[in-house]
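Participant: This is the structure, below, for whatever I ask next.
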Amino acid sequence: MAKKQYAFYPGCSSQKGASASNYLTSVESMCKTLDIQLTEIPDWNCCGASIGYGEAGELPRHVMNARNFALAETNLPGQDIVATCAACWLGAKESKERIEHSSLLLADTQEALKEAGLQIKVMPEIRHMAEVLVEDFGFEELGKHVKNPLKGLKFAGYVGCQTNRPFGIAGENFENPMYLDKIIETMGGEAVPYDQKVTCCGGALAFSEPEKAQAQIKDIVESAYDNGAEMIVTPCPLCQANVEIYQGHINNKYNTKFNIPVLYYSQLMTIAYGGSAKDAGLNGQVIRAPKLEAIAK
Amino acid sequence: MSANQQMAAKYKNSFLKEVEDQVEMGEWVKMCMQCGVCSGSCPTNFHPGWEHPPQEIFMMIRAGKREEVLTSPSMWMCTSCYNCIVRCPRKLPITHIMHGLANYAHRLGVAPKGQPTRAFSKLFWNNAIATGRVNELKLSIGLYFKDAEGKINIGQGIKQGLAMQKVALGLLKAKRLNPFEIFGGHKCKDQKGIHAMLKKARELEEKRKAIKA
């Protein structure tokens, strides 16, 4: 296949030294194998995330995303914007939808953008990396690059909320999306049945109301164990962090013994494509994944 | 007269009209048919639930219960999981209406004081727009060392910092938390442009809302 090019929106959490920096490491390795060229949108800014709602108001949120659209379109014309973070993707897609729906909002957005010396002329498409994999490649093509199948490893595919609702991946079901399970299986692993696949991890409430979020995380982890999973896999940076880093707190509170690794789909793909543990950013796990490290080349 | 009193006076007996004009996606409220699927689908409605779950809020708006709605902590329970939106049989954008109501109550200064998610939302947005990108270290420090009113509280910070010690050490070791972010960290180049753009956006939004009122 010919090289595919996208305007890349990595998002705040993927930056060096930030909470999802290991996600970016693995995405870069995965893209090398798939011959995907990601060009960072120059000077991109934060999407505002969902939690910005209380302080931001509507137009300020949309203009933050609109600035990225204008920067992408000016510097990387014709390329779809691709986000790896669920919240970046959702926030940007939401703003695009609203601005396209209302000529008043578009006019206000353009007027605000003028202050930063920018304008939107063509509205770019906004896509999640999972969409790129499923739609622009397809499972068959993704499977062709597997050199080191994840044989015998059992994963709980935790899709979570924001790559699934309200937009989701085309053709998928909100209650039981299958694309993540299919990616796991395409990489040679086993996707266990998982009834907490689309349960919310608590999102930003993990920071503001940790007890509420941790009660949800407990269900998510417990179900993975109950179904025989050895690792949890997710496409979302906040799902990954929330489900991984609070297992110790949950153990103290609920007297459990949770210690299950939580990985990104791109880490599995990097290992299955013959990459090393370092290529997959496995050294970035707070709960290490020894079974995946053991089979890495 | 406070902003809250001004709006209450302007809209007199129609809180529904006020919500339709002033709250993001407020025009959808009248479409609710009280089935309760939103409340049954909400992850935080179970431990321990909302004071008034979404369909109750919708009915209270129609019943003119202005103060009860705006001062309720309910809307701040939203985790932005969007389950209510995709399950609503009448396709109300419930998540956005909850965010909109919370934001409106916050703007009027009547949202519950000390509500932790209200405080975190403010902290997050101000952190993000300061340089154009989130500084995760400053966000965490702000979260643990400031009380819900935004005042520095060293005692609380040390206590919560200790509780978070293992989590922070784990992240440091995995190179997913960078102590040097305290000296600035990641940022956008055109901060001036971003600030000017946001200032304009706030002005325009206020103007639109004022025309409706």
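Participant: Name every residue in the stretch B:190-213 that is part of a helix (DSSP H, G or I), facing chain A (nearest Cβ under 7 Å) and touching a residue at least 24 places away in the same chain (Cβ under 8 Å), in order of residue number.
Facilitator: Listed by number, the residues that qualify are B:Ile194, B:Leu198.
Participant: Sticking with this one: Any residue in the stretch A:63-70 that is modelled with pLDDT of 95 or more, under 18 Å from the mean Cα position of the chain (by Cα), farther than 19 Å from A:Leu105 by Cα and polar (S, T, N, Q)?
Facilitator: No: the stretch A:63-70 contains no residue that is modelled with pLDDT of 95 or more, under 18 Å from the mean Cα position of the chain (by Cα), farther than 19 Å from A:Leu105 by Cα and polar (S, T, N, Q).
Participant: Can you find a residue in the stretch A:30-38 that is closer than 24 Å to A:Leu133 by Cα, assigned to a helix (DSSP H, G or I) and of a type in the set (D, E, K, R)?
Facilitator: yes
Participant: Of the residues that make up the stretch B:174-189, is at least one in a helix (DSSP H, G or I), at the interface with another protein chain (Cβ under 8 Å from one of its Cβ atoms) and modelled with pLDDT under 95?
Facilitator: Yes, there is a match, as at least one residue in the stretch B:174-189 is in a helix (DSSP H, G or I), at the interface with another protein chain (Cβ under 8 Å from one of its Cβ atoms) and modelled with pLDDT under 95.
Participant: Here's a follow-up. Restricting to the stretch B:140-178, give me the number of residues that are surrounded by 11 or more Cβ atoms within 10 Å (Cβ to Cβ) and closer than 27 Å to A:Ala289 by Cβ.
Facilitator: Residues meeting the conditions: 16.
Participant: Within the group A:Gly157, A:Gly152, which residue is within 21 Å of B:Ser80 (Cα to Cα), in contact (Cβ under 8 Å) with a residue 24 or more places away in the chain and more than 10 Å from chain B (Cβ to nearest Cβ)?
Facilitator: Exactly one of A:Gly157, A:Gly152 is within 21 Å of B:Ser80 (Cα to Cα), in contact (Cβ under 8 Å) with a residue 24 or more places away in the chain and more than 10 Å from chain B (Cβ to nearest Cβ), namely A:Gly157.
Participant: Okay, moving on. Tell me, yes or no, whether the stretch A:191-204 has at least one residue that is free of Cβ contacts under 8 Å to residues at least 60 places away in the same chain, within 15 Å of the chain's Cα centre (by Cα) and under 21 Å from A:Glu135 (Cβ atoms).
Facilitator: Yes: one or more hits.
Participant: Just to check your reading of the model, which residue among B:Gly40, B:Gly49, B:Gly36, B:Gly26 is assigned by TED's automatic domain parsing to the domain that holds B:Gly100 and on the phi > 0 side of the Ramachandran plot?
Facilitator: After applying the criteria, what remains is B:Gly36.
Participant: Does the stretch A:69-81 contain any residue that is touching a Phe, Trp or Tyr at 6+ places or on another chain (Cβ under 8 Å), among the β-branched types (Val, Ile, Thr), in a strand (DSSP E or B) and open to solvent by less than 10 Å² (accessible area, probe 1.4 Å)?
Facilitator: There is at least one residue in the stretch A:69-81 that is touching a Phe, Trp or Tyr at 6+ places or on another chain (Cβ under 8 Å), among the β-branched types (Val, Ile, Thr), in a strand (DSSP E or B) and open to solvent by less than 10 Å² (accessible area, probe 1.4 Å).
Participant: Here are the criteria: (1) without any contact (Cβ under 8 Å) to a residue 40 or more places away in the chain; (2) within 21 Å of A:Pro235 (Cβ to Cβ); (3) more than 7 Å from chain B (Cβ to nearest Cβ); (4) buried (at least 24 other Cβ atoms within 10 Å of the Cβ). Tell me which single one A:Ala7 does not satisfy.
Facilitator: (1)
The values are calculated or read from the model by the stated rules, or taken from the named source; none is laboratory data. Everything numeric in this text was worked out from a predicted model, so none of it was measured. Glycine also receives a Cβ, built like all others from the backbone with ideal geometry; neighbour counts cover every protein chain displayed. Accessible surface areas use protein heavy atoms only, side chains included; no ligands, DNA or RNA. Shrake-Rupley method; radii C 1.70, N 1.55, O 1.52, S 1.80 Å.
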